[in-house]
Amino acid sequence: MKLKFAGLLVGAFVFLFPFYYMLIGSLQAEPDPSVGGAFPAPGNLTLHNYGEINKAIHLGRSLINSGIFTGGVILGTLVFGVLAGYALARLQFRGRGLVFNLMLLIQVVPFQLLTIPLYVLIVRSYGLADSYLGMILPFMINSTAVFVFRQYFLQLPAELFDAARIDGASELSILWRVAVPLVRPALLTGVLLTFIGPWNEFLWPFLITKQQDLQPLAVSLSNYLTTVSARAANPFGAVLAGACVLAAPAVTLFIIFQRRFISTNISSGVKG
Amino acid sequence: MRRGPLTRVLGEHPVGTAFVTPYVVFLAAVFAYPLGFAVYMSFHDYFFAAPGAIVDRPFVGFDNYVTVLTDPAIRRAFGNVLIFLVINVPLTVVLSLGLANALNAAIRWRTFFRVSYYVPYVTASVAVVGVWLFLFNSNGLVNSVLGPLAPDPSWLVNSRLAMPTVAIYVTWKQLGFFILLYLAALQNVSKDLYEAASMDGAGRWKSFLNVTVPGVRPATTLVVLVATVTGANLFTEPYLLTGGGGPDGASASPVLIMYQRGIEQGHPDVGSAIGVLLVIGVLLLALIERKFVGREED
């Protein structure tokens, strides 16, 4: 048992150290790559780097863009995903089997194959480059979320639905008044899992936003990393400050709600 | 319940069709149509033109595929992803199973450990890439600790070490997710089997090999598959960690090349052909892996 504990402790150090170093590095006025630099000297700590990165990429604007992108994806996934998940779990209609199989099939289509055609369609044909809609569109409904929502609705007792139908309630009001309140905690898990995707997504918004004031933080930070950083006085300090701002929301949400990221939810989502 | 003719045609709850319509439209517009379009582009001389312009885009057969397969830089990118997978996949399986097994024991600070291992997974790659650049720089912390043992040229600018460093980075970043998968799988391994093994005098290591490893085999199949697909998707890490796949293409990934050829250099047809070949490659790899890893399943 002692050996396992020691092994886990070493592992935790390896996993957490880069985050500690990110925070320390973002607060150091002078970058210090030596071993001593890993221990903060109080005199060397400043918020100057945060000011630098803010001047370079307008943190506020980028954060708002990240928020709109993430919010749009979550909203789409919740509204359309809950509707589809409910229908697939609780309603008998023509084509249900087909839609369900389609959903399973879609999960094995890798997104990388779609990158080029989606770029051509969304940017060239629909003219949605540099727009929030173009950013959100490919992620608007998450098939994994539809599947997870369906599993949640399936777990509810059938009598509940029969009773509501006999009372003459419409399906939409059964969904809204009966089904959704009963699975609300599970929906929160769905929202949290969905949040990580667009908040951290890089390739797609990078492809379709060229205008700086529309870029989510991950994209503007990477542009800073690849282009401007060579010229700044303390490029790593500024990059690390930006990294802290980008990492903070996801990490904070995760720590607050860590009990909701239980393994069964995630594996049921992945198994498809 | 009475079933009228209308019910037989539309089902008992025709309103369900309305509920799934947005989802089906989405699947058609964002998956099915682009999928077909990708294959179409890969067989045509497709190039960017002004919107609305009528241009001739002739069928060219396998020309784009020939271009892809005869280009040494693209071939190298496919080779690079193999190097990546050879390092990343076994390392992921061994480390995540080992750590999940340790975490599964009744141990102090369990929540703390689970949170620590999962934090890199929930954090944007763009954010942690910044720290890794700082750590693995030629005069970064890792090399200061290693002193004379530090590689020259340094990790990310060394043509032999660039891809392995990227592979280690991704293993570290994704490990928490795979630990969770194994933690779930470990709940399903029967306690009786461990008791039986200890009755037979099996030590901890033996019962791990003979009970745990076969017990989580379905999860291993899944971990190997997901790690392979994630590896084939590699873009952000070589793009940012190694300045666009350097040195000299040593860490370029197929998706990176797909972006450069398809969008930067304006050859979406070639880019689509890379995508199609990549997907075929992933499917083949998945079949091979299933044969080896999943052989005792069902």
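The values are calculated or read from the model by the stated rules, or taken from the named source; none is laboratory data. No experiment lies behind these values; they were computed from the predicted model shown. Backbone-built Cβ (ideal geometry, glycine too); neighbour counts: all protein chains shown. With ligands, DNA and RNA removed, areas are computed over all heavy atoms of the protein, side chains included. Shrake-Rupley method; radii C 1.70, N 1.55, O 1.52, S 1.80 Å.
Of everything in segment B:144-164, what is surrounded by fewer than 23 Cβ atoms within 10 Å (Cβ to Cβ) and under 25 Å from residue B:119 (Cα atoms)? Give them in sequence order.
Selection gives B:145, B:164.
Residues of segment B:97-130 being part of a helix (DSSP H, G or I) and of a type in the set (A, V, I, L, M), which ones?
The answer is B:97, B:99, B:100, B:102, B:103, B:115, B:119, B:122, B:126, B:127, B:128, B:129.
If I filter segment A:122-155 down to residues being closer than 15 Å to residue A:74 by Cβ and of a type in the set (Phe, Trp, Tyr), which single residue comes out as surrounded by the fewest Cβ atoms within 10 Å (Cβ to Cβ)?
Among those that are closer than 15 Å to residue A:74 by Cβ and of a type in the set (Phe, Trp, Tyr), it is A:132.
Please state which one of B:58, B:5, B:51 is facing another protein chain (nearest Cβ under 7 Å), more than 24 Å from residue A:84 (Cβ to Cβ) and modelled with pLDDT under 90.
B:51
Quick check on segment A:103-113: of everything there that is over 24 Å from residue B:269 (Cα atoms) and in contact with a helix residue (DSSP H, G or I) (Cβ under 6 Å, 6 or more places away or on another chain), which residue is most open to solvent (accessible area, probe 1.4 Å)?
A:107
Specify which of the listed residues (B:113, B:59) is of a type in the set (Phe, Trp, Tyr) and open to solvent by 20 Å² or more (accessible area, probe 1.4 Å).
Step by step, each of B:113, B:59 is checked, and only B:59 is of a type in the set (Phe, Trp, Tyr) and open to solvent by 20 Å² or more (accessible area, probe 1.4 Å).
Any idea how many residues of segment A:119-146 are aromatic (Phe, Trp, Tyr) and away from chain B (no Cβ under 11 Å)?
1
Looking only at segment B:90-110, count how many residues are more than 8 Å from every other protein chain (Cβ to nearest Cβ) and surrounded by fewer than 13 Cβ atoms within 10 Å (Cβ to Cβ).
2
Restricting attention to segment A:233-256, which residues are open to solvent by 30 Å² or more (accessible area, probe 1.4 Å), more than 8 Å from chain B (Cβ to nearest Cβ) and at pLDDT below 85?
Of everything in segment A:233-256, those that are open to solvent by 30 Å² or more (accessible area, probe 1.4 Å), more than 8 Å from chain B (Cβ to nearest Cβ) and at pLDDT below 85 turn out to be A:233, A:235.
Is it the case that some residue within segment B:267-275 is among the hydrophobic types (A, V, I, L, M, F, W, C), open to solvent by 10 Å² or more (accessible area, probe 1.4 Å) and without any contact (Cβ under 8 Å) to a residue 12 or more places away in the chain?
no
Of all residues being touching a residue at least 40 places away in the same chain (Cβ under 8 Å) and open to solvent by 10 Å² or more (accessible area, probe 1.4 Å) in segment B:244-256, which is nearest to residue A:227 (Cα to Cα)? Just the residue, please.
B:246
Mind telling me which of the residues B:39, B:25, B:68, B:9 ends up being open to solvent by less than 60 Å² (accessible area, probe 1.4 Å) and either of a type in the set (A, V, I, L, M) or part of a helix (DSSP H, G or I) (or both)?
None of the other options fit; the residue is B:68.
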